[in-house]
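Data first, discussion second: the structure below is written as structure tokens.
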Amino acid sequence: MTKKKIISVMIPTYNEEENVRPIYEAVRNEITKSLPEYGYEILFIDNKSQDKTRSIIEDICAEDKCVRAIFNTRNFGQFNSPYYGIIHTSGDCTITICADFQDPVEMIPTFVHEWEKGYKIVIGRKTKSQENRMVYFLRGCYYKLIHKMSSVEIIEQFTGFGLYDCSFVNTLRDLKDPTPFIRGIVAELGPERKEVEYTQPMRRAGKTHNNWYTLFDAAMLSFTSYTKTGMRVAEFLGFITAVLSFIIGLIYLVAKLICWDKFVAGYAPTMIAIFFIGGVQLTFMGFLGEYIMAMNARLMNRPLVIEEKRINFECDSESSIPTCVT
């Protein structure tokens, strides 16, 4: 008897009490209905939810032994926790999907069919979105900017939603990157991929946990990980500013020596020059700080997350994680 292939679905959660059971039921029903020849494993990784998310996940795990859970001791951020979840799946392929239904569950069969054709990575790429138009526009501008500045191809409008073959999951396990950026890693290290276009729907329920700070954090992580542009621009602009300042200084010195009092009257030009140079310095000190923080995080090599609890992992061995077959 041929053993069923296993599809692992990794779902990160944070305060998703209204969505966690519906997303579980939607994923389970989609696989059992559209892909009956496959077994499934669903792994929830919770980033220290403050609502009823964890208790609902515990109930689901008690009902369905093919559902597993990892509870973190605190919120480890929007990148570390999902990455940790991916490397702790055990199927022949792993699909990452958000709990808020903005990643269409109906695309799971499409991903799997493309995977069966030989693609090791199948990703969803947004071509339209029902989210805030301004946010979508700015996100598109960011992708285009980072794409032009980076030596690595950055995938536009890719959030991490997709299917990854177990061979690529093994690559992720071997990276040992304490600040992983899965969107960049897929572009940089991933094998040939298939891109499937989709329209991103609105969040089903609850409030988004993304804000301008988290979006900026994502932008800076990709910026410092995959471009040298920030420091190069700082270097050239600093040099140009220094040359211009030297020339202006000479002009004012000559003007002062020839008693061109009208031209040099007052302190306005000096103050303008000081504030301009100070602003340039502070801006690029900020860029430098971002690079240093990224380097510091990698040098400290802290764990991706600290686990508080695992559910339905009791039968694991050190070398492998046995899978459920339906």
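List of remarks:
- Taken over the range 1-27, residues that are modelled with pLDDT under 95 and assigned to a helix (DSSP H, G or I) amount to 0.
- Of all residues in the range 125-173 being among the small types (Gly, Ala, Ser) and over 17 Å from Gln102 (Cβ atoms), the one that is modelled with the highest pLDDT: Ser167
- Flag if Ser90 is among the hydroxyl-bearing types (Ser, Thr, Tyr) and under 23 Å from the mean Cα position of the chain (by Cα): yes
- Scanning the range 153-168 for residues that are under 16 Å from the mean Cα position of the chain (by Cα) and surrounded by fewer than 21 Cβ atoms within 10 Å (Cβ to Cβ) yields Glu153, Ile155, Glu156, Gln157, Phe158, Thr159.
- Filtered by the rule that a residue be in contact with a helix residue (DSSP H, G or I) (Cβ under 6 Å, 6 or more places away or on another chain) and more than 24 Å from Thr53 (Cβ to Cβ), the range 91-115 gives Asp92, Cys93, Pro109.
- Answer residue from the range 93-125, given it is aromatic (Phe, Trp, Tyr) and over 18 Å from the mean Cα position of the chain (by Cα) and is surrounded by the fewest Cβ atoms within 10 Å (Cβ to Cβ) among those: Tyr119
Let's see how each residue does on (1) of a type in the set (Ser, Thr, Tyr); (2) in contact with a helix residue (DSSP H, G or I) (Cβ under 6 Å, 6 or more places away or on another chain); (3) closer than 15 Å to Ile311 by Cβ:
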residue	(1), (2), (3)
Asn19	no, no, no
Pro22	no, no, no
Lys33	no, no, no
Ser49	yes, no, yes
Thr53	yes, yes, yes
Glu58	no, no, yes
Ala69	no, yes, yes
Gly85	no, no, yes
Thr89	yes, no, yes
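- Test: Val27 is within 24 Å of Val186 (Cβ to Cβ), out of contact with any Gly (no Cβ under 7 Å at 6 or more places or on another chain), assigned by TED's automatic domain parsing to the domain that holds Ile121 and among the aliphatic types (A, V, I, L, M): yes
The values are calculated or read from the model by the stated rules, or taken from the named source; none is laboratory data. Here the structure is a predicted model, which is why all the values come from computation and not from measurement. Please note: Cβ atoms are built from the backbone with ideal geometry, for glycine as well, and neighbour counts cover all protein chains shown.
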